[in-house]
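Here's the structure we're looking at; comments come further down.
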Amino acid sequence: MAEAPHKGADFDVAIAGGGYVGLSLAVALKSGDSGLKVVVIDPKPMAVLDRDPRASAIAAAASRMLTQLGIWDDIKDSAQPITEMIVTDSKLRDKVRPVFLTFGGETGKAGENEPFANMMPNGKMLPALYEKAKALGVEFDAPDSAASFTTTASDVRLTLASGKSVSTRLLVAADGVRSRLRDLAGIRTVHWDYGQSGIVTTVAHERPHNGRAEEHFLPAGPFAILPLPGNRSSLVWTERTDDARRLVASDDFTFEIELQRRFGHHLGTLELAGPRNAYPLGLTLARDFVRPRFALAGDAAHGIHPIAGQGLNMGFKDVAALAEVLIEANRLGQDIGALDVLERYQRWRRFDAWQMGVVTDVLNRLFSNDNDVLRAARDFGLGLVDRMPFLKTRFISEAAGLTGPAPKLLSGKPI
């Protein structure tokens with residue numbers, strides 16, 4: 001086991017990426033060990049975090065972590081618990097969409113009324129993470145980005161786009177699915193493009209959703225309606241990439257007509273309540289999550305299809321696992337950048353990430369098509385699951401992030 005080197009570096013941990021994963025990792029590290037010197041480097045100014053119009057599904061395990069980190073109480077009033085979820089499978093022209101699978105929204109733990117997930121506006125959560133990080137003493141280099149780095153026996157030396165130089169004992173790349181730092185580290189990926197894009201927008205509707213989430217499997221891909229506070233919902237609308245580009249570029253009238261065809265009329269009149277953007281969808285899995293003095297986290301390690309709504313929550317799992325490994329190693333006087341320390345994190349997270357990548361890939365291929373034979377088979381399977389309570393409970397626990405050996409933070413415990 002490598003012992004800690006002389007602490008001559010500017011920082012103990014430098015995190016490239018100031019999104020959910022980077023900010024929550026910074027907060028987790030400083031909360032667990034206030035003596036660690038942590039910096040977050042991001043190309044956008046932190047002052048614009050509240051302008052993110054999107055929303056995210058926060059699983060029960062992630063909300064436990066955010067509670068432990070002192071974030072959840074500040075933002076819970078902006079959360080919308082998911083009280084129920086339904087799954088349908090139909091063609092776009094079908095007038096009736098039979099419900100094949102229903103889930104209650106609670107995790108099922110005795111004596112608890114904990115929803116398996118909450119919808120949270122990004123514009124509320126990101127600023128809360130940033131303010132908490134600042135209060136704990138995390139430093140920020142933003143707007144700036146890591147242009148290059150070299151690794152020595154005792155540290156990583158970063159050159160930033162501004163020309164500034166920074167040294168750190170460990171560099172964490174949380175810079176997204178197209179991670180430049182992952183490429184600079186020489187880490188290869190498994191990648192393919194689905195030929196789909198996810199249209200993300202927010203709509204207001206006439207009738208209340210009552211906390212119900214809906215996932216409609218249509219031939220082009222899943223169409224997810226996710227409840228927000230008030231009579232509003234967040235949409236993740238999967239289309240073939242050319243069609244998605246056409247829809248996003250269309251006028252509001254055309255877009256709303258196509259939206260209503262997929263959304264249905266059960267919540268009354270619809271009105272766009274936010275910008276619309278399309279994001280290309282693919283599968284990207286890093287072959288390795290670590291190198292000496294270097295680790296990947298979040299989408300830089302695993303970019304998956306949103307069909308199961310688990311991308312962000314996998315990033316939170318990375319945060320909880322990496323923070324626990326680093327803090328415990330530092331307490332023992334070990335070198336937090338040593339490969340044998342970082343491999344504990346890799347063993348904890350890589351198999352789970354690859355497993356979820358395979359599951360979402362299979363689900364997308366199974367449901368994003370117009371094959372009548374496959375449709376009959378998958379509808380039979382959905383109906384079978386709906387009649388087996390123990391399987392439904394298992395799926396809810398998986399969606400809530402409450403299965404398997406969890407890091408302490410995801411169990412609501414301090415490191």
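The values are calculated or read from the model by the stated rules, or taken from the named source; none is laboratory data. Because the structure is a prediction, the values reported are computed rather than measured. Methodologically, a virtual Cβ is constructed for each residue, glycine included, from the backbone with ideal geometry; neighbour enumeration extends over all protein chains shown.
Observations on the model:
- The set of residues in segment 339-362 being within 16 Å of the chain's Cα centre (by Cα) and among the basic types (Lys, Arg) consists of 349, 350.
- Taking the criterion of being touching a helix residue (DSSP H, G or I) at 6+ places or on another chain (Cβ under 9 Å) and more than 20 Å from residue 198 (Cβ to Cβ), the only residue of segment 228-268 that qualifies is 229.
- Qualifying position, being closer than 20 Å to residue 141 by Cα, assigned to a helix (DSSP H, G or I) and charged (D, E, K, R), among 30, 44, 76: 30
- Of the helices (runs of 4 or more DSSP H) contained entirely in segment 300-415, those carrying at least 1 residues that are touching a His at 6+ places or on another chain (Cβ under 9 Å) and among the aromatic types (Phe, Trp, Tyr) fall at 339-367.
- Residue check for residue 217: in contact with a helix residue (DSSP H, G or I) (Cβ under 6 Å, 6 or more places away or on another chain), part of a strand (DSSP E or B) and farther than 20 Å from residue 248 by Cα: yes
- Residue in segment 224-246 that is assigned to a strand (DSSP E or B), among the β-branched types (Val, Ile, Thr) and without any contact (Cβ under 8 Å) to a residue 60 or more places away in the chain present: yes
- Of everything in segment 80-98 that is at pLDDT below 90, of a type outside the set (S, T, N, Q) and buried (at least 16 other Cβ atoms within 10 Å of the Cβ), the residue that is nearest to residue 371 (Cα to Cα) is 89.
- Flag for residue 409 being over 19 Å from residue 356 (Cα atoms) and surrounded by fewer than 15 Cβ atoms within 10 Å (Cβ to Cβ): no
- Looking only at residues of segment 263-287 that are in a loop (DSSP other than H, G, I, E, B) and buried (at least 19 other Cβ atoms within 10 Å of the Cβ), we find that the one that is farthest from the chain's Cα centre (by Cα) is 267.
- Residue, surrounded by the most Cβ atoms within 10 Å (Cβ to Cβ), within segment 137-186, restricted to residues that are touching a helix residue (DSSP H, G or I) at 6+ places or on another chain (Cβ under 8 Å) and of a type in the set (D, E, K, R): 175
- Residue within segment 340-348 that is at pLDDT below 95, of a type in the set (Val, Ile, Thr) and surrounded by 21 or more Cβ atoms within 10 Å (Cβ to Cβ) present: no
- Note on segment 303-344: residues that are more than 21 Å from residue 26 (Cβ to Cβ) and either free of Cβ contacts under 8 Å to residues at least 40 places away in the same chain or charged (D, E, K, R) (or both) total 3.
- Test result for residue 311, at pLDDT below 95, surrounded by fewer than 21 Cβ atoms within 10 Å (Cβ to Cβ) and at positive phi: no
- Any pair with Cβ under 7 angstrom, 6 or more apart, that starts in segment 70-99 at a residue that is closer than 16 Å to residue 380 by Cα and ends at one that is of a type in the set (S, T, N, Q): 86/102; 97/88; 97/90; 98/88; 99/88
- Which numbered condition residue 57 misses (of (1) at pLDDT 95 or above; (2) hydrophobic (A, V, I, L, M, F, W, C); (3) in a strand (DSSP E or B)): (1)
- Search result, residues across segment 112-129 that are farther than 25 Å from residue 201 by Cβ and out of contact with any strand residue (DSSP E or B) (no Cβ under 7 Å at 6 or more places or on another chain): 112
- Segment 193-219, residues that are surrounded by fewer than 19 Cβ atoms within 10 Å (Cβ to Cβ) and aliphatic (A, V, I, L, M): 204
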